[in-house]
1. Does Q11 satisfy the condition of being polar (S, T, N, Q) and modelled with pLDDT of 90 or more?
2. Out of L20, L37, which single residue is modelled with pLDDT of 90 or more, of a type in the set (A, V, I, L, M), under 21 Å from L59 (Cβ atoms) and surrounded by 10 or more Cβ atoms within 10 Å (Cβ to Cβ)?
3. Taking only region 54-77 into account, find how many residues are surrounded by 15 or more Cβ atoms within 10 Å (Cβ to Cβ) and of a type outside the set (K, R).
Amino acid sequence: LNPQPKQNHHQTPLPFEIALVRKLESKTASVRQAFLLLDVDGDGRISPTDIRTVLHNELGLDITKEQEATLFSRAASLSSRQNGKENHATTTTTAKTTTSANKG
């Protein structure tokens with residue numbers, strides 16, 4: 001019989017494993033930086049107002065509340081299609097924003 005070799009759980013990582021971890025860490029850092037840029041008020045969510053503020057501060061673009069609601073609604077729609085289902089929090093925020101935009 002050929003006994004199974006003992007598995008050493010403390011093996012030195014292989015070069016491809018190191019490269020994979022570094023790449024994932026880099027991508028995660030990039031996504032986090034983008035999120036932090038967009039989450040202007042630091043509440044852990046990207047709101048329509050956050051988007052509007054970034055467009056103004058970073059790109060010099062001023063949009064109306066109606067345009068803000070449209071952009072956020074379209075982004076939420078794209079996100080829900082990519083996820084295969086509606087995101088309740090995003091849908092609720094979009095509905096509130098749309099209602100607010102229609103009031104003033």
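1. In short, no.
2. Details: L20 fails: under 21 Å from L59 (Cβ atoms).
Within the list L20, L37, the selection yields L37.
3. Of the residues in region 54-77, 12 are surrounded by 15 or more Cβ atoms within 10 Å (Cβ to Cβ) and of a type outside the set (K, R).
The values are calculated or read from the model by the stated rules, or taken from the named source; none is laboratory data. All values reported here derive from a predicted model rather than from experimental measurement. All Cβ positions, even for glycine, are placed from backbone atoms using ideal geometry, and neighbour counts span all protein chains on display.
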